[in-house]
Structures are given as C-alpha cells and as structure tokens.
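Read through the structure below, which is laid out as structure tokens, and then see the notes.
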Amino acid sequence: MTIAIHWFRQDLRLADNPALCQAVARGQLLPIYILDDDHAGDHAMGGASRLWLHYSLTSLNKSLDGKLRVYRGSAPEVLAKLCSEHDISTVCWNRCYEAWRIERDSAIKEQLKSQGVEVISSNGSLLWEPWQVLKKDGTPYKVFTPFFKNGCLTAAEPAPCKPTPENIGYAEGDFGGLASIDALALQPTIPWDKVMLEHWTIGETGALEKLQTFADGGVSHYKEGRNLPARSYTSRLAPHMHFGEISPRTVWHAATLMGDDENVYTFKSELGWREFSYSLLYHFPAMPRQNMSRKFDAFPWGDDHDALKAWQRGMTGYPIVDAGMRELWHTGYMHNRVRMIVGSFLVKNLLLHWHHGEAWFWDTLFDADLASNSASWQWVAGCGADAAPYFRIFNPITQGEKFDPEGEYTRRWVPELNELPKKYLYQPWEAPPMMLQAAGVELGVTYPKPIVEVKASRERALGAFKSLAG
C-alpha cells in the first residue's frame, strides 16, 4: 500500500479532522509536523505559542502511538524531499488562511502535483469558509452583526463532526526529520513557564475537558457572566481552538446541545466573531499591519517607551489594568473583558499605537491568533472593521468597580493592594494616608502611582480622534 502524508498544522487533534480522515483512507499514514519559520517572517510564533505547541505536539504524538515525525525548515522543501524519496501517493492538510500560508500552500500544491502527488486540502479550522459567507452582492461583510445574523445564521448548518479514525496503519521507514519534539527547541531556554502550565491541560483531551466543564456550568451564566473576570463563566477554549486541539464544529454542535437560550446564542456569537476575524483576514490580508480605516494612517500616536513598559509589566497604577497584564504574564491568557480594558488604556489613555499591543499579545498569549488578535486590536483602537467608536474609552476605575466589584480578580493579581478597602481599590491614590499605611501600601514604592490621569488622558484622546475628522 502507498503512503499518505497528513501534514498537521493548526489541527493538532484526531477527532473531527477531515484531512486526517482523507489521508487514513488513502494509504499507510505518515503524520508529520513542520516548524516553518522560513516562510512565516514577521508572523513566526511568539514565545508563549511555542511553549504551548511543544506540549500540544507531545500530546498529539501520544495519540498517534509515537508515530509523529517532526521537521524544521522550509515546508515546500521538506515535502518535496519526502515525496521524491518515498512512495508517497497523497499529501493532505487542513487549510490555513493567513496570507503567507495561502501563498506558500498554493506553491506547494503546484509543486507536488508536478511530481505526480495527489494533494487534498480540507476545512478543519472554520465553521464556514471565508468565501461562503458574503453579502448579496458577493462582497465581504465589514460589520459583525449582519455578518453573523444575515450571513452565518442563514448559511447551511456547519457540517457534522467526523469521527476519530480507527485502526490507523502507519508507514514504516526512515523518513528523516528531527529525533524528537524536544529537538524543535520550542521551550524557553530560561525556564519561566512552570507557573503558566499549572493553569492548563494542553492537548485534545484537555480541550474536550474544558468544553465539558463549560457545558456543565459556565454556559448557563455566559451572557452576563462573561464580563466578570473573577468567575469561571467563560469557556477558556481559545488556545485549544487556535492550535486545533478541538474543532469549531465540535464546539458549535456541543453548544447547540446546551440549549437555545440567550446564553448559548451569545456564546455562539463569540464563535461568530472568530469567523468574522478570519473572513476579514482572508479578504483583507494586510489587516495585521494596515489600518482598515486608512484615515488612521495620520493618527498622532505617542512614543512613550516608559509608559509602554509599565503597561507590559502591569505597573500602570491602575489596578484592573495591572491585574490583566499580570494575569497574561503568569498564565498566557487574559479574560476577554479585561482585554478590552487594557487595550483601551494602551491606545486611548496612553495614546500608543495598537501595533504595540498586538505585538505584545502575539508574544505572550497562548491563543495568539493572527486573525483575532489583529481584528480585535483594530476594533479597540477604532480603526478596524465595525470598530468601537472613538469616544468609547473604557474608564479603568469604573470598569474595575463594575466588573470586579469585590476585587477578587484584582487582588489575586495585584496582591500588594490586598488589605486596601474595596472603596479605594481602583483608585488607591484617593485613600487617606493612614488607610494606605494600615494596608501596607506606599504609592510609588510598593505600588506605582498612576502613569497618566484618567480625565486628562481621555480629553487628549478625544482631541486626537476628533482631529482625524477635521
């Protein structure tokens, strides 16, 4: 029997993996992973993503009975060499939608076909292909609500999930590659990752467990509870979905079984936002660097390196902002409500370019997804498709008071304020000196003073945004 390659990419699972099913049906399976930084360029994975990838590949390899082969280098060269040196009849993969991958994969298809190799690509990453959800005139949506309501919800129901292949026959032989997953050198040379890993079970099994936990409890509170960072009402599936440890179809169909109330609808709309982000990336491939609204090319961004560093380290003097940035640093994740707060603070209160935020999240988020990351940063900056209006500037004081009223989340990540009464938790500079002393807080020493003043920075931002209309 001939050999069929399945090239794992962002589909590190066995269940509902259409390309894997195609490969298993066509011959002895040669499962491979290629770390192709040669073509990724500026979009090579950041540190947190590489760490997750190491453990995700380890989990996948276990599911494949230790048969996963790993390679580092140019994917076209690796595949061409394998197909020329072995009896490879078919190469299968699930599609990716970043511009650099589309260009590379198209070239690979042509190259392999010229070698007489069958190439099969499938949709294993989205509910609908970007070219399936379009406006009546055939153009892509630029506003989320009609995209979801008029596009997604009127399209054909996502395809049923494919079962995990059984009785896989693996190809035997010397196929080269690296000696082990460790040889990919994905883990940090300085071990900063131990605390981060305590918060996750990486791999397909962990993803399914997360989905079940959400179905058992979180979804029933999702619509309102998703705004409360101290509560476990979100699915926390984003990293698992980014690496394809669970398919969006699995999540969508599971959500359908959870009911049809407003909580489930809201959760499905979040899956819709992921689809919207990928649609934008596909149709507007410059989105990761170029403002969707080109008038923002003239925006008067600031250049305050010290303020950027304070934001990155969670030392801005605004507790809810600092809590979010520290959660990110320690767990590789940040609650979605808090992402909006810290994003607004960076681009509007600090007036720093959204590129800084996108780059920091790219390196530190486990779910650093090019489509969602760039679309969401453009949204919060006001320059993207269906963006937040320029006058929506999240007040870090009132946001903390509203969404973490007892301070549970904030105190967890900003423990130096643990003894401060909640009345002053989100504006400690307003606390009487004796109260600060009793709480062990010395502003500027044990906890920073605010790096900007909320009202003044808001007025500065409004003036800058209004200048674009002039």
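The values are calculated or read from the model by the stated rules, or taken from the named source; none is laboratory data. Keep in mind that what you see is a predicted model, and the values were worked out from it rather than measured. Because the Cβ atoms are built from the backbone with ideal geometry, glycine has one as well, and the counts that use them run over all protein chains shown.
Here P405 clears all of (1) in a loop (DSSP other than H, G, I, E, B); (2) surrounded by 20 or more Cβ atoms within 10 Å (Cβ to Cβ); (3) at pLDDT 95 or above except the condition numbered (2).
Look through F299, F276 and report the one residue that is outside the structural domain of R236 (by TED's automatic domain parsing) and in contact with a Cys (Cβ under 9 Å, 6 or more places away or on another chain). Before you say what the answer is, go through the steps one by one.
Values: F276 fails: outside the structural domain of R236 (by TED's automatic domain parsing).
Exactly one residue qualifies, and that residue is F299.
If I go through the range 417-470 residue by residue, how many of them are part of a loop (DSSP other than H, G, I, E, B) and modelled with pLDDT of 95 or more? Can you show your working first?
Step one: of the range 417-470, the residues part of a loop (DSSP other than H, G, I, E, B) are 418-421, 426-427, 431-432, 439-442, 444-446, 448-453, 470.
In the following step, the residues that additionally are modelled with pLDDT of 95 or more were identified as 418-421, 426-427, 431-432, 439-442, 444-446, 448-453.
Looking only at that region, the number is 21.
Condition check ((1) farther than 22 Å from R13 by Cβ; (2) modelled with pLDDT under 95; (3) among the basic types (K, R)) across all residues:
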{"position": "E204", "(1), (2), (3)": "no, no, no"}
{"position": "L208", "(1), (2), (3)": "no, no, no"}
{"position": "P229", "(1), (2), (3)": "yes, no, no"}
{"position": "A255", "(1), (2), (3)": "no, no, no"}
{"position": "G259", "(1), (2), (3)": "yes, yes, no"}
{"position": "E262", "(1), (2), (3)": "yes, no, no"}
{"position": "L271", "(1), (2), (3)": "no, no, no"}
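Looking at this structure, is R326 over 17 Å from N373 (Cα atoms), basic (K, R) and out of contact with any Leu (no Cβ under 7 Å at 6 or more places or on another chain)? Here the answer is yes, as R326 does meet what is asked.
Just one of the numbered conditions (1) touching a strand residue (DSSP E or B) at 6+ places or on another chain (Cβ under 6 Å); (2) more than 23 Å from G169 (Cα to Cα) is not true of I32: (2).
Hey, among the residues in the range 278-299 that are aliphatic (A, V, I, L, M) and under 16 Å from the mean Cα position of the chain (by Cα), which one's nearest to D42 (Cα to Cα)? Step through it out loud before you land on a result.
Taking the range 278-299 and keeping what is aliphatic (A, V, I, L, M), we get 280-281, 286-287, 292, 298.
Next, from what is left, pick out any that are under 16 Å from the mean Cα position of the chain (by Cα): 280-281, 287.
Working: L280: 19, L281: 16, M287: 14 Å.
Among those residues, the one meeting the criterion is M287.
Scanning the range 151-200 for residues that are among the polar types (S, T, N, Q), more than 18 Å from C21 (Cα to Cα) and either touching a residue at least 12 places away in the same chain (Cβ under 8 Å) or surrounded by 15 or more Cβ atoms within 10 Å (Cβ to Cβ) (or both) yields S180, Q187. Within the range 408-435, the set of residues being surrounded by 14 or more Cβ atoms within 10 Å (Cβ to Cβ) and among the acidic types (D, E) comprises just one member, E416.
Scanning the range 340-367 for residues that are of a type in the set (A, V, I, L, M), within 22 Å of L228 (Cα to Cα) and not in a helix (DSSP H, G or I) gives a single hit, L365.
Tell me which residues, restricted to the range 211-241, are closer than 21 Å to N373 by Cβ and without any contact (Cβ under 8 Å) to a residue 24 or more places away in the chain. Break it down into steps so the answer makes sense when it comes.
Narrowing the range 211-241 to residues closer than 21 Å to N373 by Cβ: 226-227, 229, 234-241.
Listed by number, the list is empty, since nothing qualifies.
Condition first: out of contact with any helix residue (DSSP H, G or I) (no Cβ under 8 Å at 6 or more places or on another chain) and either of a type outside the set (V, I, T) or in contact (Cβ under 8 Å) with a residue 24 or more places away in the chain (or both). Can you find one or more residues in the range 365-382 that meet it? Scanning the range 365-382 turns up at least one residue that is out of contact with any helix residue (DSSP H, G or I) (no Cβ under 8 Å at 6 or more places or on another chain) and either of a type outside the set (V, I, T) or in contact (Cβ under 8 Å) with a residue 24 or more places away in the chain (or both). Checking every residue in the range 385-397 against the condition of being on the phi > 0 side of the Ramachandran plot, surrounded by 14 or more Cβ atoms within 10 Å (Cβ to Cβ) and at pLDDT below 95 gives at least one match. Taking the range 239-254 as the range and being farther than 16 Å from L57 by Cβ and either of a type in the set (G, A, S) or out of contact with any helix residue (DSSP H, G or I) (no Cβ under 7 Å at 6 or more places or on another chain) (or both) as the test, the residues that pass are S247, R249, T250, H253, A254.
Sort out which residues of the range 288-309 are assigned to a helix (DSSP H, G or I), aliphatic (A, V, I, L, M) and surrounded by 11 or more Cβ atoms within 10 Å (Cβ to Cβ), and write them in order of number.
From the range 288-309, those assigned to a helix (DSSP H, G or I) are 294-298, 305-309; that's our starting set.
Then keep just the ones that are aliphatic (A, V, I, L, M); that gives 298, 307-308.
Selection gives A307, L308.
Of all residues in the range 79-101, those being of a type in the set (D, E) and part of a helix (DSSP H, G or I) number 1.
Look at the range 135-150 and say how many of its residues are part of a loop (DSSP other than H, G, I, E, B) and buried (at least 16 other Cβ atoms within 10 Å of the Cβ). Talk me through it step by step, then tell me what you get.
Step one: list which residues in the range 135-150 are part of a loop (DSSP other than H, G, I, E, B), which gives 135-143.
Keeping just the survivors that are buried (at least 16 other Cβ atoms within 10 Å of the Cβ) gives 140-142.
Matching residues across the range 135-150 total 3.
Picking from residues in the range 23-38 that are in contact (Cβ under 8 Å) with a residue 60 or more places away in the chain and touching a Ser or Thr at 6+ places or on another chain (Cβ under 7 Å), the one that is nearest to C92 (Cα to Cα) is A23.
Selection over the range 313-336 of residues that are part of a helix (DSSP H, G or I) and farther than 29 Å from A286 by Cβ gives a count of 11.
Within the group A80, A23, which residue is within 20 Å of G116 (Cα to Cα) and buried (at least 21 other Cβ atoms within 10 Å of the Cβ)? Talk me through it step by step, then tell me what you get.
Numbers: A80 fails: buried (at least 21 other Cβ atoms within 10 Å of the Cβ).
After applying the criteria, what remains is A23.
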